[in-house]
1. How much net charge surrounds Ile79 when only other residues with a Cβ under 12 Å from its Cβ are counted (Lys, Arg +1; Asp, Glu -1)?
2. Pull out the extension gain between Ser72 and Val112, defined as 0.36 nm times the separation in residues minus the alpha carbon to alpha carbon distance; nm, one decimal.
3. Counting other Cβ atoms within 10 Å of each Cβ, which GluC sites (Glu not before Pro) in the stretch 20-63 have at most 11 and sit in a DSSP loop?
4. Given a Förster radius of 30 Å and the C-beta distance between Lys63 and Met14 as r, what FRET efficiency does 1/(1 + (r/R0)^6) yield to the nearest 0.05?
5. Once every Cα of the stretch 15-112 carries one equal point scatterer and solvent is ignored, give the base-10 log of I(q)/I(0) from the Debye formula at q = 0.11 Å⁻¹, two decimals.
6. For Thr18, what accessible surface area do you get with a 1.4 Å probe? Give it in Å², rounded to 10.
Amino acid sequence: KWFSPLCLTSAVGMIHVTGYVGREVNVSCSYDEGYESYEKYLCKNDCGDSDLLITTSNSSKNKYSIHDNKTSRIFTTTISDLHSVDAGKYWCGVTRTGKDIYTEVELKLVPVKLYSTHFLYFLGKAATLLYFFFIKEERI
């Protein structure tokens with residue numbers, strides 16, 4: 001059963017994460033000692049049932065994967081193939097009886113442009129056209 005963070009009173013700060021369109025980003029959230037065996041999750045928006053993205057009991061789903069390092073008490077969610085719609089508010093949550101423990105996450109995305117150039121390479125009488133692609137990161 002998932003609870004809306006708006007109704008919860010156990011908040012732990014905010015995490016700011018920046019990612020690049022087309023790439024992947026890691027969202028790492030810490031938790032206190034004693035919660036190692038509890039289920040962790042990442043959800044978006046208001047954390048309603050349809051906003052739940054991934055849980056540690058189902059560690060890979062679509063573009064999301066999650067890993068709980070119980071020694072360091074940090075669980076990390078990887079979001080791959082980022083698109084502009086992925087930007088926004090997320091919540092890292094630890095499921096517990098009563099009120100879940102959560103941390104707010106703000107994901108900002110930076111557009112990446114792909115540029116190309118080409119060179120004509122001569123080797124004897126044969127010519128080969130070589131294409132080179134490079135990525136230039138631009139903040140808008």
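The values are calculated or read from the model by the stated rules, or taken from the named source; none is laboratory data. Everything quoted here is computed from the prediction, not taken from an experiment. Note: ideal-geometry Cβ built from the backbone for every residue, glycine included; neighbour counts use all protein chains shown. These area figures cover heavy atoms from the full protein model, side chains too; ligands, DNA and RNA do not enter into them. Shrake-Rupley method; radii C 1.70, N 1.55, O 1.52, S 1.80 Å.
1. Charge balance in the 12 Å sphere: +1.
2. 11.1 nm
3. Counting only loop positions with at most 11 other Cβ atoms within 10 Å, the GluC sites (Glu not before Pro) in the stretch 20-63 are Glu33.
4. Using R0 = 30 Å, I get an efficiency of 0.85.
5. -0.29
6. 80
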